[in-house]
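Chemist: This is the structure I want to talk about, given as structure tokens.
The values are calculated or read from the model by the stated rules, or taken from the named source; none is laboratory data. None of the values given here were measured: they were computed from a predicted structure. FYI the Cβ positions are ideal-geometry reconstructions off the backbone, even for glycines, and counts take in every protein chain you see.
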Amino acid sequence: MTTEVGHHHHADAKDLTSVEAHLADIRDSIRPLTPTQLGITEAEGCVLAEDITASRPLPPFDNSAMDGYAVVAREVAGASTDNPVTLRVSGEVAAGDTGAYAVTPGSCLRITTGAKLPGGADAVVPIEDTDGGVARVTVRAAVEPGHAVRFSGGDARQGDVLLSRGTRLGPMQIAVLAASGHARAAVYPRPRVVVLSTGDELSEPGHALAPGKIWDSNSFMLAAAAREAGCLAFRHGPVPDDPLELLPAIEDQLLRADVLVTSGGVSMGGEHDVIKHTLERLGTIRFRKVAMQPGMPQGFGTIGEDSTPIFTLPGNPVSAYVSFQLFVLAALGALQGQPDRQLPSVRATVTGPLHSPAGRRSYLRGALNRADSTVVPLSGQGSHQVATLGRANALIIVPEWVVDMEEGDDAEVLCLP
Ligand code: AMP
Ligand code: MG
């Protein structure tokens, strides 16, 4: 809705809060969750609450990088196709073999990738450079000392910090934990996010629509977004615009919530906006207009004995989604010791014109093409237009001081997960 005229912008501007100021208030009021020890399988998706160090060197012992023959490099010096060197093969050492092997003068050992380098050996001749012999082997290439050897500590030294506190544990980080022998780690647990939508007009998908009703999409969307962000999400079905239903619903949900996210009922001043009036009585939630579009009406605060953070997001689905990705995501980060958490952004060239109200930062849905760094502004930018959400993979940012962008302009673009 860009129907406002000039003097409205000026009237608005003085009571708008900047996106940054709203974000800062959110971050300032959230304390990280209590860290807990989790097994490395359960810890996936959580954030480290401690530095992880190597308790041993990695690799823990010198070992072969290839299948071949463990040799003393000096003994095959000068070996070539025309001038091969023949050695006795005194045995074989395979990966996992714990025996104490050693090479003696004039001999070598067959060795497989990952096997402990025998005493005395200082290099491995790859099998391709030999005749593959069993009792005796003909070596057709010289090797330098250290050739095809993975030295102990060559990956990490004992005591090295392998993963630092604040790191989110994905598959790669889980590998590092396991490879360094950690069965558990201290992590910030996945935040439990309770999502609840309000509105007399909301019906459950799957049920017939009575005239005047719409299907609730926000609660499903926000729960999915929370899960995508690494949280445990619980969805509460739609609550009517009635304080007598809303208050007990919220109080019930507080028990299992690290964050509460509601949608709807916070527009500017309608008497049907029960969320606002009901929660205002709890006293700790601040409702404000943030200088953005969509998503201007924002509420944030803490409620209950545990000062549980609560977001009251606007009801329009696009507003609710953008608000989640900007504000709730930052709060989820703060709960997991990552206060700077935000969506990644890139620069891209817009392929068509864009409009934005003066004094407000717009987040417009776009289709980002990473290959050529262009972004197509999608049609249907109204904050109720869910269809466009289904085609977007990015939010094009139009700064507060810009009202028009043209094809070819450069824009900052948030990459949606
Ligand atoms: P409100 O913020 O309650 O004034 O709602 C603004 C607009 O968003 C209205 O058109 C609502 O019908 C719509 N809306 C509110 N909640 C939802 C929801 N959970 N799912 C889809 N649309 C919603
Ligand atoms: Mg409503």
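Chemist: Among the numbered criteria (1) more than 30 Å from Val137 (Cβ to Cβ); (2) loosely packed, with under 14 Cβ neighbours inside 10 Å, which single criterion is violated by Pro57?
Modeler: Unmet condition: (2).
Chemist: From the list Pro357, Pro309, Pro344, which one is modelled with pLDDT of 95 or more, away from ligand 1 (no atom under 15 Å from the Cβ) and surrounded by fewer than 18 Cβ atoms within 10 Å (Cβ to Cβ)? Walk me through it before giving the result.
Modeler: Values: Pro357 fails: surrounded by fewer than 18 Cβ atoms within 10 Å (Cβ to Cβ); Pro309 fails: surrounded by fewer than 18 Cβ atoms within 10 Å (Cβ to Cβ).
The unique qualifying residue is Pro344.
Chemist: Looking at the structure I just gave you, is Val161 closer than 30 Å to Thr308 by Cα and either in contact with a strand residue (DSSP E or B) (Cβ under 8 Å, 6 or more places away or on another chain) or free of Cβ contacts under 8 Å to residues at least 12 places away in the same chain (or both)? Working first, answer last.
Modeler: Numbers: closer than 30 Å to Thr308 by Cα: no; either in contact with a strand residue (DSSP E or B) (Cβ under 8 Å, 6 or more places away or on another chain) or free of Cβ contacts under 8 Å to residues at least 12 places away in the same chain (or both): yes.
It is false that Val161 is closer than 30 Å to Thr308 by Cα and either in contact with a strand residue (DSSP E or B) (Cβ under 8 Å, 6 or more places away or on another chain) or free of Cβ contacts under 8 Å to residues at least 12 places away in the same chain (or both).
Chemist: Say whether the condition of being closer than 25 Å to Trp215 by Cα and more than 16 Å from ligand 2 (Cβ to nearest atom) is met by at least one residue in the range 260-279.
Modeler: Going residue by residue through the range 260-279, those that are closer than 25 Å to Trp215 by Cα are 260-279.
Within this subset, residues satisfying the condition of being more than 16 Å from ligand 2 (Cβ to nearest atom) are 260.
Within the range 260-279, one or more residues are closer than 25 Å to Trp215 by Cα and more than 16 Å from ligand 2 (Cβ to nearest atom).
Chemist: While we're on this one: Being within 16 Å of ligand 1 (Cβ to nearest atom) and not in a loop (DSSP other than H, G, I, E, B), is that true of even one residue in the range 397-415? Reasoning before the result, please.
Modeler: Within the range 397-415, the first condition is being within 16 Å of ligand 1 (Cβ to nearest atom), and the residues that meet it are none.
The answer is no; no qualifying residue exists.
Chemist: Taking the condition farther than 28 Å from Thr41 by Cβ and surrounded by 14 or more Cβ atoms within 10 Å (Cβ to Cβ), does Thr198 pass? Break it down stepwise before answering.
Modeler: On the way: farther than 28 Å from Thr41 by Cβ: yes; surrounded by 14 or more Cβ atoms within 10 Å (Cβ to Cβ): yes.
Taking the combined requirement at face value, the residue satisfies it.
Chemist: In the range 205-246, what residues are in a loop (DSSP other than H, G, I, E, B) and surrounded by fewer than 16 Cβ atoms within 10 Å (Cβ to Cβ)? If you could, list the steps in order and put the result at the bottom.
Modeler: In the first step, residues of the range 205-246 are kept if they are in a loop (DSSP other than H, G, I, E, B); the result is 205-213, 216-217, 229-231, 240-242.
The answer is Pro205, Gly206, His207, Ala208, Leu209, Ala210, Pro211, Gly212, Lys213, Pro240, Asp242.
Chemist: Out of all the residues in the range 188-217, which are within 16 Å of ligand 2 (Cβ to nearest atom) and either without any contact (Cβ under 8 Å) to a residue 24 or more places away in the chain or of a type in the set (A, V, I, L, M, F, W, C) (or both)? Can you show your working first?
Modeler: Start the filter on the range 188-217 by keeping residues that are within 16 Å of ligand 2 (Cβ to nearest atom), which leaves 195-203, 212-217.
The answer is Val195, Leu196, Glu201, Leu202, Gly212, Lys213, Ile214, Trp215, Asp216.
Chemist: His384 is checked against (1) within 16 Å of ligand 1 (Cβ to nearest atom); (2) under 24 Å from Leu16 (Cα atoms); (3) touching a helix residue (DSSP H, G or I) at 6+ places or on another chain (Cβ under 6 Å) and fails just one. What number does that condition carry?
Modeler: (3)
Chemist: Given the conditions (1) farther than 30 Å from Leu232 by Cα; (2) of a type outside the set (Asp, Glu); (3) surrounded by fewer than 16 Cβ atoms within 10 Å (Cβ to Cβ), report the number of the one that Ala175 does not fulfil.
Modeler: (1)
Chemist: Sticking with this one: When you go through (1) in contact (Cβ under 8 Å) with a residue 24 or more places away in the chain; (2) more than 12 Å from ligand 1 (Cβ to nearest atom); (3) out of contact with any Lys or Arg (no Cβ under 7 Å at 6 or more places or on another chain) one by one for Asp252, which number turns out not to apply?
Modeler: (1)
Chemist: Here's another thing I want to ask about it. Do we find a residue being among the β-branched types (Val, Ile, Thr), at pLDDT 90 or above and within 10 Å of ligand 1 (Cβ to nearest atom) anywhere in the range 264-271? Break it down stepwise before answering.
Modeler: Taking the range 264-271 first, the residues among the β-branched types (Val, Ile, Thr) are 266.
Checking which are at pLDDT 90 or above leaves us with none.
Within the range 264-271, none of the residues are among the β-branched types (Val, Ile, Thr), at pLDDT 90 or above and within 10 Å of ligand 1 (Cβ to nearest atom).
Chemist: Could you identify the single residue in Val261, Val318, Val290, Val274 that is modelled with pLDDT under 95, touching a helix residue (DSSP H, G or I) at 6+ places or on another chain (Cβ under 7 Å), under 29 Å from Gly382 (Cβ atoms) and within 16 Å of ligand 1 (Cβ to nearest atom)? If you could, list the steps in order and put the result at the bottom.
Modeler: Numbers: Val261 fails: modelled with pLDDT under 95; Val318 fails: modelled with pLDDT under 95; Val290 fails: modelled with pLDDT under 95.
None of the other options fit; the residue is Val274.
Chemist: While we're here: Which number in (1) under 21 Å from Phe151 (Cα atoms); (2) hydroxyl-bearing (Ser, Thr, Tyr); (3) not in a loop (DSSP other than H, G, I, E, B) marks the one condition that Thr86 misses?
Modeler: Of everything listed in (1) under 21 Å from Phe151 (Cα atoms); (2) hydroxyl-bearing (Ser, Thr, Tyr); (3) not in a loop (DSSP other than H, G, I, E, B), Thr86 misses just condition (1).
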